[in-house]
Amino acid sequence: MVSIFFFSIGNILNNDIKTKSMKKILYALIVITLFQTGAQKASAQVGIQTGVILPVGDWSEYWGGGVGGQLSYKAKVGDRFTIGAALGYYTLSGKQINVSGNEYETPIASIVPILATINYGLGEKLFVGLDAGYNVISHDSGVFVFSTGAADAAESNIALAPKVGLKMGKFSFESSFNLLQSNYLSMLIGYTL
């Protein structure tokens with residue numbers, strides 16, 4: 001499962017992200033996560049989450065729901081806090097839109113969130129948290145692209161998403177809402193390795 005995730009990340013790096021500096025940042029995050037996992041195995045938690053994202057606000061006018069997943073690394077800090085990092089990949093479906101009486105279909109969009117995460121346990125199962133980082137967004141070829149008007153586009157923005165979740169053994173369920181430029185609600189089911 002992890003090898004499939006990293007194979008997908010490799011495809012993202014080769015196809016969606018055009019700049020060398022972004023590729024270097026993603027590779028560095030992957031390497032740091034792997035080294036930290038080995039170094040702090042006793043208190044570290046590596047997890048895989050999958051789920052759906054639903055665009056809201058302006059985004060919901062141009063894109064439909066999407067699916068994807070992420071790989072996360074979390075380390076326990078004290079009794080109630082965990083901190084870590086997450087790297088994901090999600091796709092959003094296009095929508096039919098009307099522009100000046102003409103019908104267009106927006107292209108499929110992909111989102112690669114690169115996040116730092118902090119969780120605070122409210123008890124044995126319930127937790128709240130915050131994800132902060134960077135969203136890299138790309139659009140497949142198409143007639144319309146939301147912010148640039150180009151046929152192919154890649155853009156990025158800052159991500160900030162409060163979340164609430166439930167942990168039951170090795171499984172977790174969490175929901176977060178990205179507050180900044182790319183507004184979307186995510187609902188994920190996870191498994192800790």
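The values are calculated or read from the model by the stated rules, or taken from the named source; none is laboratory data. Keep in mind it's a predicted model, so treat the numbers as computed, not measured. Please note: Cβ atoms are built from the backbone with ideal geometry, for glycine as well, and neighbour counts cover all protein chains shown. The area values use the complete protein model at the heavy-atom level, side chains included, leaving out ligands, DNA and RNA. Shrake-Rupley method; radii C 1.70, N 1.55, O 1.52, S 1.80 Å.
Got a number for residues in region 70-94 being out of contact with any Lys or Arg (no Cβ under 8 Å at 6 or more places or on another chain) and surrounded by fewer than 18 Cβ atoms within 10 Å (Cβ to Cβ)?
Selection size over region 70-94: 9.
If you take the residues of region 70-94 that are in contact (Cβ under 8 Å) with a residue 40 or more places away in the chain and part of a loop (DSSP other than H, G, I, E, B), which of them is farthest from T50 (Cα to Cα)?
Restricting to residues being in contact (Cβ under 8 Å) with a residue 40 or more places away in the chain and part of a loop (DSSP other than H, G, I, E, B), the top hit is D79.
Tell me, please, whether a residue that is surrounded by fewer than 18 Cβ atoms within 10 Å (Cβ to Cβ), over 18 Å from the mean Cα position of the chain (by Cα), within 23 Å of L130 (Cα to Cα) and at pLDDT 90 or above can be found in region 22-38.
no
Could you grab me the full set of residues in region 113-126 that are hydrophobic (A, V, I, L, M, F, W, C), out of contact with any helix residue (DSSP H, G or I) (no Cβ under 8 Å at 6 or more places or on another chain) and surrounded by 14 or more Cβ atoms within 10 Å (Cβ to Cβ)? Spell out the reasoning first.
Step one: list which residues in region 113-126 are hydrophobic (A, V, I, L, M, F, W, C), which gives 114-116, 118, 122, 126.
Right, trim to out of contact with any helix residue (DSSP H, G or I) (no Cβ under 8 Å at 6 or more places or on another chain) and you get 115-116, 118, 122, 126.
Residues satisfying the conditions are L115, A116, I118.
Going through region 95-112 one residue at a time, which ones are without any contact (Cβ under 8 Å) to a residue 60 or more places away in the chain and either acidic (D, E) or open to solvent by less than 20 Å² (accessible area, probe 1.4 Å) (or both)?
Pass one, region 95-112, residues without any contact (Cβ under 8 Å) to a residue 60 or more places away in the chain: 95-109.
Hits for region 95-112 are I97, E103, E105, T106, P107, A109.
Of everything in region 165-188 that's among the aliphatic types (A, V, I, L, M) and out of contact with any Ser or Thr (no Cβ under 6 Å at 6 or more places or on another chain), which residue is modelled with the lowest pLDDT? Before the answer, list the steps.
Of all residues in region 165-188, those among the aliphatic types (A, V, I, L, M) come to 166, 168, 179-180, 185, 187-188.
From what is left, the residues that are out of contact with any Ser or Thr (no Cβ under 6 Å at 6 or more places or on another chain) are 166, 168, 179-180, 185, 188.
Numbers: L166: 97, M168: 96, L179: 89, L180: 81, L185: 95, L188: 97.
Per the criteria, the residue is L180.
Only residues that are modelled with pLDDT of 90 or more, among the polar types (S, T, N, Q) and touching a Phe, Trp or Tyr at 6+ places or on another chain (Cβ under 6 Å): list them for region 82-128, please.
N119
Kindly indicate the residue of region 113-125 that is in a strand (DSSP E or B) and in contact (Cβ under 8 Å) with a residue 40 or more places away in the chain and also nearest to T82 (Cα to Cα) among those meeting that condition.
We begin by selecting, within region 113-125, every residue in a strand (DSSP E or B); these are 113-121.
Those still in the list that are in contact (Cβ under 8 Å) with a residue 40 or more places away in the chain too: 113-115, 117, 119-121.
Numbers: P113: 19, I114: 17, L115: 14, T117: 8, N119: 5, Y120: 7, G121: 8 Å.
Ranking the candidates gives N119 first.
D131 - would you say it is modelled with pLDDT under 90 and under 22 Å from the mean Cα position of the chain (by Cα)?
On the way: modelled with pLDDT under 90: no; under 22 Å from the mean Cα position of the chain (by Cα): yes.
Answer is no for this residue.
Of all residues in region 49-58, which are closer than 18 Å to P113 by Cβ and either buried (at least 18 other Cβ atoms within 10 Å of the Cβ) or charged (D, E, K, R) (or both)? Break it down stepwise before answering.
Of all residues in region 49-58, those closer than 18 Å to P113 by Cβ come to 49-57.
Q49, G51, I53, P55, listed by residue number.
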